[in-house]
């Protein structure tokens, strides 16, 4: 009997560590008798890294052929259905879902973080898309509340990256300890003035704690230039690490005492590896994580203007803050594995 083929659609092959972690986790969670086919912004890189069949996500003919060759379509995690950072995104992913449903494929919305949805047309399309799915899972309470409002059956579980099997980073232990990781990304809220305040706070924090700063760009196109601006200010006590493999990226946090992060998955990876976290939120999804974990942090829009206050707050958290307990981490990992159970049910 031929193996089932599932087409995986997400923000893959675009150099974003969080989305690559979602793909890596999805591949780990797929039933063994399912063959993955991935739509990617960089099919060769995706194929080489994960040893899967991959096609260009924006090449019409290969996408249609891939749909015809598959038995299922999976929206592969993350904030795919939102119209704030991209007006195209909900139409692209929604259009794929419509095609798959019309072709009678099994369709799965997996580990979705829905919204924000500001436009009536995208909200209407999203409702139709989710209503037509074979199975739906979401990763947060706000997404679950929206689906409840739409009367769409679903399950809610923590982001699946909690359960990603990490790998140790080679030679990490050759770097000085203790270590603190910093992940900032470009965003309108991260103005030059705020970046300068954060940079000065990092300098002051490092001097006070004598820590080694790991600057971890999660997406080179968005994060590397910021890391390169910070690094000369902590030149001899820092290092920029650009890590492509999501399992290794998560593994870095095993050797980190504290993380200062903007990106959602930098905080999830760090917390899941027992690292203290301090969030700098630019997006509601980060605020949701802060609320769920009682994680300290600031909204970037209300970041203190005094670099000294920022550094003192970080120093206090470094000295007295607590990571998640091992029991809490295991609970979140076990709950995240519900996304694996949903895949088994949907693709059976």
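The values are calculated or read from the model by the stated rules, or taken from the named source; none is laboratory data. Because the structure is predicted, anything quoted here is derived from the model rather than measured. Don't worry about glycine lacking a Cβ; one is built from the backbone with ideal geometry, like all the others, and counts go over all protein chains shown.
Step by step: first the residues of region 102-119, then only those that are modelled with pLDDT of 95 or more and farther than 22 Å from residue 339 by Cα, then the one that is surrounded by the fewest Cβ atoms within 10 Å (Cβ to Cβ). Which residue is that?
Checked region 102-119; the qualifying residue surrounded by the fewest Cβ atoms within 10 Å (Cβ to Cβ) is 104.
Of the numbered conditions (1) over 18 Å from the mean Cα position of the chain (by Cα); (2) touching a residue at least 24 places away in the same chain (Cβ under 8 Å); (3) surrounded by fewer than 17 Cβ atoms within 10 Å (Cβ to Cβ); (4) assigned to a helix (DSSP H, G or I), residue 48 fails exactly one; give the number of that condition.
(2)
Would you mind telling me which numbered condition in (1) surrounded by 14 or more Cβ atoms within 10 Å (Cβ to Cβ); (2) touching a residue at least 60 places away in the same chain (Cβ under 8 Å) residue 122 fails?
(2)
Can you tell me which of 151, 206, 200 is at positive phi and modelled with pLDDT of 95 or more?
Every option except 151 fails the conditions.
Being in contact with a strand residue (DSSP E or B) (Cβ under 9 Å, 6 or more places away or on another chain) and either surrounded by 19 or more Cβ atoms within 10 Å (Cβ to Cβ) or in a helix (DSSP H, G or I) (or both) is the filter here, so list the residues in region 56-67 that pass it.
Listed by number, the residues that qualify are 57, 62, 63, 65, 66, 67.
In this structure, is residue 137 in the same structural domain as residue 11 (by TED's automatic domain parsing) and either over 23 Å from the mean Cα position of the chain (by Cα) or surrounded by fewer than 24 Cβ atoms within 10 Å (Cβ to Cβ) (or both)?
Judged against the criteria, residue 137 is not a match.
For residues that are buried (at least 24 other Cβ atoms within 10 Å of the Cβ) and touching a helix residue (DSSP H, G or I) at 6+ places or on another chain (Cβ under 6 Å), tally how many sit in region 248-257.
Summing the residues that are buried (at least 24 other Cβ atoms within 10 Å of the Cβ) and touching a helix residue (DSSP H, G or I) at 6+ places or on another chain (Cβ under 6 Å) in region 248-257 gives 3.
Within region 204-216, which residues are in contact with a helix residue (DSSP H, G or I) (Cβ under 6 Å, 6 or more places away or on another chain) and either surrounded by fewer than 18 Cβ atoms within 10 Å (Cβ to Cβ) or under 19 Å from residue 41 (Cα atoms) (or both)?
204, 208, listed by residue number.
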